[in-house]
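The values are calculated or read from the model by the stated rules, or taken from the named source; none is laboratory data. Quick caveat: nothing in here was measured; it's all calculated off a predicted structure. Ideal geometry is used to build each Cβ from the backbone, glycine not excepted, and the neighbour counts take in all protein chains shown. Note: areas computed on protein heavy atoms with side chains; ligands, DNA, RNA excluded. Shrake-Rupley method; radii C 1.70, N 1.55, O 1.52, S 1.80 Å.
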Amino acid sequence: MNTINVNGNTVQPSKILCVGRNYRAHIEELGNEIPDSMVVFNKPNSAISGTLYSDINNQPLHYESELAFTVKEGKLDAVGFGLDLTKRALQSTLKAKGLPWERAKAFDGAALFSAFVTLPKDIEGLSLQLNVDGEQRQAGGISLMIYTPVQIIRELETFTTLEDGDIIMTGTPAGVGEIKAGQDFEGKVLLAGKTLVSATWIAVTSA
C-alpha cells in the first residue's frame, strides 16, 4: 500500500475521493456544463506516486492542482497540495461515449501529494498556487468553489464509508495543461497569503 505523510506520520489511505467540476472557470476552459449535482470519482491507493510523469505508455498527461484533505474520525483532519493527473485525450473519448473515466483518471501514478499539515480552525481562507518553471499557472481556493470541503464531506458520507487517512481532492481551478518532461512544478497551500505546506517535482518521461 502506498503512503502519505500526515503531520510527520506515515498513513495509508484506502482511497482517494475526487470532486470534478468544482470551479466555474475550469468548467468553462474545458467546455463542460455546470453539473446539477456534485461530480465524484475515485482513485485507488495504487494511484499515489512520488514521481511526476509527463506521459504514460506514450499518452501525454495533464496536470490539475487541488486542495486535498485527509479524513480522521469522519472529519476533515489535515490539508495538503495535490496533483490530479489526467490522460486528457482518453478522458475526452470516454466522455463522448458516455463511459466511466477510470482509465483516464485512476491509473498508477495519477495522484501526487505534498505532506499534509493540521487543518486550521478557519479554513475559508485556504487557497492553492501552482508554479511551473517559476510561472504561476493555477491559483484558487475555497472562496471560488461551487461546493466547499464541508459540503463535500457531507455528500460523500451519504454513499460511502470514509476511513481514517482517506484523501478528498476538491477540484481544480482554471489553468490546467499538458506536462512536459523537465518542467519544474511547485505547489503551495496558502492561508491568508502565508504558505502552510509546499512540494516540488520535476517531470520525467516514463519511456
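Considering region 162-207, and only residues there that are out of contact with any strand residue (DSSP E or B) (no Cβ under 8 Å at 6 or more places or on another chain) and charged (D, E, K, R), the residue that is farthest from Ser143 (Cα to Cα) turns out to be Lys180.
Only one of these is of a type outside the set (A, V, I, L, M), in contact with a Ser or Thr (Cβ under 7 Å, 6 or more places away or on another chain) and either modelled with pLDDT under 95 or surrounded by fewer than 22 Cβ atoms within 10 Å (Cβ to Cβ) (or both): Asp36, Asp55, Asp84. Name it.
Values: Asp36 fails: in contact with a Ser or Thr (Cβ under 7 Å, 6 or more places away or on another chain); Asp84 fails: either modelled with pLDDT under 95 or surrounded by fewer than 22 Cβ atoms within 10 Å (Cβ to Cβ) (or both).
Result: Asp55 is the single residue among Asp36, Asp55, Asp84 that is of a type outside the set (A, V, I, L, M), in contact with a Ser or Thr (Cβ under 7 Å, 6 or more places away or on another chain) and either modelled with pLDDT under 95 or surrounded by fewer than 22 Cβ atoms within 10 Å (Cβ to Cβ) (or both).
The numbered conditions (1) under 19 Å from Ile142 (Cα atoms); (2) assigned to a helix (DSSP H, G or I) are all true for Lys95 except (1). Only residues that are touching a strand residue (DSSP E or B) at 6+ places or on another chain (Cβ under 6 Å) and open to solvent by 30 Å² or more (accessible area, probe 1.4 Å) were counted across region 69-81, and they come to 2.
Listed here are the residues, each with its yes/no results for (1) among the aromatic types (Phe, Trp, Tyr); (2) open to solvent by 10 Å² or more (accessible area, probe 1.4 Å); (3) touching a Gly at 6+ places or on another chain (Cβ under 8 Å).
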residue	(1), (2), (3)
Leu17	no, no, no
Tyr23	yes, no, yes
Pro44	no, yes, no
Leu67	no, no, yes
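For region 172-207, filtering for residues that are in contact with a Gly (Cβ under 6 Å, 6 or more places away or on another chain) and open to solvent by 20 Å² or more (accessible area, probe 1.4 Å) leaves 2.
Collect the residues in region 35-63 that are in contact (Cβ under 8 Å) with a residue 12 or more places away in the chain and closer than 16 Å to Ile152 by Cβ, keeping them in residue-number order. Give the steps one after another, and end with the answer.
The first filter runs over region 35-63 and keeps only residues in contact (Cβ under 8 Å) with a residue 12 or more places away in the chain, leaving 35, 38-63.
If the condition is that a residue be in contact (Cβ under 8 Å) with a residue 12 or more places away in the chain and closer than 16 Å to Ile152 by Cβ, then Pro35, Met38, Val39, Val40, Phe41, Asn42, Lys43 are the ones that fit.
Residue count for region 139-186 under the criterion of being of a type in the set (Phe, Trp, Tyr) and in contact (Cβ under 8 Å) with a residue 40 or more places away in the chain: the result is 2.
Close Cβ contacts (under 6 Å, 6 or more residues apart or on different chains) running from residues in region 93-116 that are in contact (Cβ under 8 Å) with a residue 60 or more places away in the chain and closer than 20 Å to Val6 by Cα to residues that are β-branched (Val, Ile, Thr) and surrounded by 13 or more Cβ atoms within 10 Å (Cβ to Cβ) comprise Ala111/Ile16; Ala111/Ile48; Phe113/Ile4; Ser114/Val197; Ala115/Val197; Phe116/Val6; Phe116/Thr70.
With respect to Phe116, determine if the residue is open to solvent by less than 20 Å² (accessible area, probe 1.4 Å), of a type in the set (Phe, Trp, Tyr) and either more than 30 Å from Thr205 (Cα to Cα) or under 18 Å from the mean Cα position of the chain (by Cα) (or both). If you could, list the steps in order and put the result at the bottom.
Working: open to solvent by less than 20 Å² (accessible area, probe 1.4 Å): yes; of a type in the set (Phe, Trp, Tyr): yes; either more than 30 Å from Thr205 (Cα to Cα) or under 18 Å from the mean Cα position of the chain (by Cα) (or both): yes.
So Phe116 fits the description; yes.
Within region 157-175, being modelled with pLDDT of 95 or more, within 16 Å of the chain's Cα centre (by Cα) and aliphatic (A, V, I, L, M) holds for Ile167, Ile168, Met169.
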